[in-house]
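J.: Take this structure first; my questions come after.
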Amino acid sequence: MPFLVEQLRQRQFTPIELKKALAVEELPTPALVLNRAALMRNIEKMKVHLGAAGKGFRPHAKTHKCPIISKLQIDAGAVGVCVAKVSEAVVLLASGVNTVLITSPVTTATKANVVGDLALQGASLSVVVDSEFGLEVLLACLPQDARLNVLVDLDAAMGRTGTRSESVMLRLVEKISADQRLTFAGCQHYAGHVMHIEGYEPRRELSLKLWATIEERLVWLRAQGIGIEIVTGSGTGTYDIDTEVASITDLQVGSYIFMDEEYCCIGSQSADRFDDFEVSLTIACTTISQPMDGMITVDGGFKSMASDTVFPVPYDLAATKFRFAGDEHGVLISKESMQSVTLGQVIQLVTPHCDPTVNLHDYYWVQEEDGLIHSCWPVSARGCTW
Ligand SMILES: Cc1ncc(COP(=O)(O)O)c(C=O)c1O
């Protein structure tokens, strides 16, 4: 493991300025294009919204895997950042981001030893636990001088991580509080299955119902004399719903910075498309072949765009659909607009699912207001899946 950690620490964390600005048409496609002005507007809009509701934000870096973006979010007032995995924490901490919460439980000595090493380095590192087994593993691997904040992960209905048991919750808090290396920092609850429910009202109804279940447990815990400083969770799909939950202290919003087709489809409080935030991220692909009329093949497929449900969507080609045509290829299909598309043309597509798509790329090509790409931002935590 030390060699892996060392390699992660040596990754590039800062922008690479291009000697000559590039047009999108000049990019080596498939390429991730990030519109910086739209990204900044999304960051600002979320900050203002949560600030007005009296909530903090702890944006999830699993979406972008890029310390440059984490630092922009921290500059905008984030209380810290989340990562899904220990390896992502290694990268962010090495880049100088120093308030990090790992939102998935750790249950092996292999990973707990890395956490122990990170917890010695003076940064503010937090982890979640949801089992006594996981807590014991952490305790066994944590050096005497290490300091670690621990949150108890609570599940209501998703069935992914988090405990549903009050007694487990209480025992975890007691054990955390009894160890001088650990600080009980609060609770996490994330209901991922609610985020993409179509329609604002059904999404709101289920999210608030699940949070009501969680709040009952928090009330019970407080009645046992336990102070709960942080209650963290939520995501982009319920960013304007969970602010109604009194006990939440901060929201772990991730995808709002980029927006992807999966999110655009769910609808917002006032519109059929969820367009509260702008699409700032697209994949540029080039047309490379046209075996028949009404379709044209581009150079991007499953190796450059990840989707578990919807397809990528051509950004500014009306009535054109994208279909995957294998690992390296996709096909644009249209009866009406294909005449205007020629070979060698660069087409921008809205990402189907932004997080796993980003994980397939080395760089963001950052587009400025003059329409040109002046710099690349490394996806520094690319491939950090452990
Ligand atoms: C624990 C946790 N918190 C927050 C998020 C961010 O969600 P979103 O991208 O929907 O904002 C995720 C995303 O999967 C997550 O797993």
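Just so you know, all these numbers are worked out from the coordinates, no wet-lab data involved. Because the structure is a prediction, the values reported are computed rather than measured. Every residue, glycine as well, gets a Cβ built from its backbone with ideal geometry; the counts of neighbours run over all protein chains shown.
J.: For the stretch 145-164 and the stretch 325-353, what is the separation of their C-alpha centers, rounded to whole Å?
T.: One Cα centre to the other: 43 Å.
J.: Distance between Cα centroids, the stretch 246-265 to the stretch 73-93: provide it in whole Å.
T.: So the separation of the two Cα centres works out to 15 Å.
J.: Same structure again: Using each residue's phi in the stretch 45-50, evaluate 6.51 cos²θ - 1.76 cosθ + 1.60 at θ = phi - 60° and report the 3J(HN,Hα) Karplus result to the nearest Hz, with x for Gly and Pro.
T.: 5, 5, 4, 5, 4, 6
J.: Right, something else. Testing the spin-label approximation: label points 7 Å from Cα along Cα→Cβ at W386 and R222. State their distance in nm.
T.: Result: 4.2 nm between the two label points.
J.: What is the sum of charges around S165, taking Lys and Arg as +1, Asp and Glu as -1, for the other residues whose C-beta is under 15 Å from the C-beta of S165? Mind dumping the intermediate values first?
T.: Details: positive: R164, R171, K175, R217; negative: D130, E132, D153, D155, E166, E174, E216.
With Lys, Arg at +1 and Asp, Glu at -1, the neighbours total -3.
J.: Taking the chain as the reference, fit the longest principal axis to its C-alpha atoms, fit the long axis of helix 132-141 to the helix C-alpha atoms, and give the angle between the two in degrees, 0 to 90, nearest 10.
T.: Taking the Cα atoms of the chain, the angle to 132-141 is about 90 degrees.
J.: Can you give the angle from 0 to 90° between the axis of helix 166-178 and the longest principal axis of the chain, with both taken from C-alpha atoms, to the nearest 10?
T.: Its long axis makes an angle of about 70 degrees.
J.: Additional query: Quick one: what does P(r) look like for the stretch 36-259 with 5 Å bins over all Cα pairs, in whole %?
T.: For the stretch 36-259, the pair-distance distribution reads 1, 7, 16, 19, 20, 17, 12, 6, 2, 0.
J.: Short version: ³J(HN,Hα) in whole Hz for each residue of the stretch 307-315, in order, from phi by Karplus 6.51 cos²θ - 1.76 cosθ + 1.60 (θ = phi - 60°), x for Gly and Pro, what are they?
T.: 8, 10, 9, 8, 9, x, 10, x, 5
J.: How much of the DSSP bridge set in the chain is antiparallel, in percent, rounded to the nearest 5? Provide the component values of the computation, followed by the final result.
T.: Working: 29 of 60 bridges.
Bridges in the chain that DSSP calls antiparallel: roughly 50 percent.
J.: Kindly rank 113-119, 204-210, 313-319 from highest to lowest mean number of other beta carbons found within 10 Å of each residue.
T.: Numbers: 113-119: 21.3, 204-210: 17.9, 313-319: 14.7.
Order by mean packing, descending: 113-119, 204-210, 313-319.
J.: Once you list every other residue whose beta carbon is under 14 Å from the beta carbon of V253, what net charge do they have if Lys and Arg are +1 and Asp and Glu are -1?
T.: Working: positive: K45, K47, K55, R58, K62; negative: E44, D240, D242, D250, D260, D276, D355.
Residues close to V253 contribute a combined charge of -2.
J.: Taking a quarter of the surface of the convex hull around the Cα atoms of the chain, what do you get in nm²? Don't jump to the answer; show the numbers that get you there.
T.: Values: hull surface 77.8 nm².
Computing the convex hull of the Cα atoms and averaging its projections yields 19.5 nm².
J.: How would you rank 250-260, 270-280, highest first, on the average number of other Cβ atoms within 10 Å across their residues? Before the final figure, lay out the partial values.
T.: Values: 250-260: 25.5, 270-280: 16.5.
So the peptides 250-260, 270-280, ranked by packing, come out 250-260, 270-280.
J.: I would also like to ask the following. Can you list the residues, at least 5 places off or on another chain, whose amide H is less than 5 Å from the amide H of F57, using H built in the peptide plane?
T.: Sorted by chain and number, the residues that satisfy this are V79, L251.
J.: Still on this structure, I have one more. Which of the pairs K19/K47; K45/K65; K55/K209; K47/K321; K47/K71 have their Cα atoms more than 25 Å apart in this structure? Walk me through the intermediate numbers first.
T.: Details: K19/K47 34 Å; K45/K65 21 Å; K55/K209 19 Å; K47/K321 34 Å; K47/K71 14 Å.
Distance filter (> 25 Å) returns K19/K47; K47/K321.
J.: Suppose only helical runs count, i.e. DSSP H with n ≥ 4. What mean residue ellipticity at 222 nm does that imply for the chain under -39500 (n - 2.57) per run, divided by all residues and rounded to the nearest 500 deg cm²/dmol? List each step's numbers first, then the result.
T.: Details: 11 runs with 114 residues, N = 386.
Theoretical 222 nm ellipticity from helices: -9000 deg cm²/dmol.
J.: In addition: Order these by the 10 Å Cβ neighbour count, fewest first: I288, I176, I16, I197.
T.: Working: I288 16, I176 22, I16 11, I197 19.
Fewest-to-most Cβ neighbours within 10 Å comes out as I16, I288, I197, I176.
J.: Name the aspartates and glutamates eligible as straight-distance cross-link partners of K175: C-alpha to C-alpha under 16 Å, and not fewer than 8 places from it in the same chain.
T.: D130, E132, E136, D153, E166
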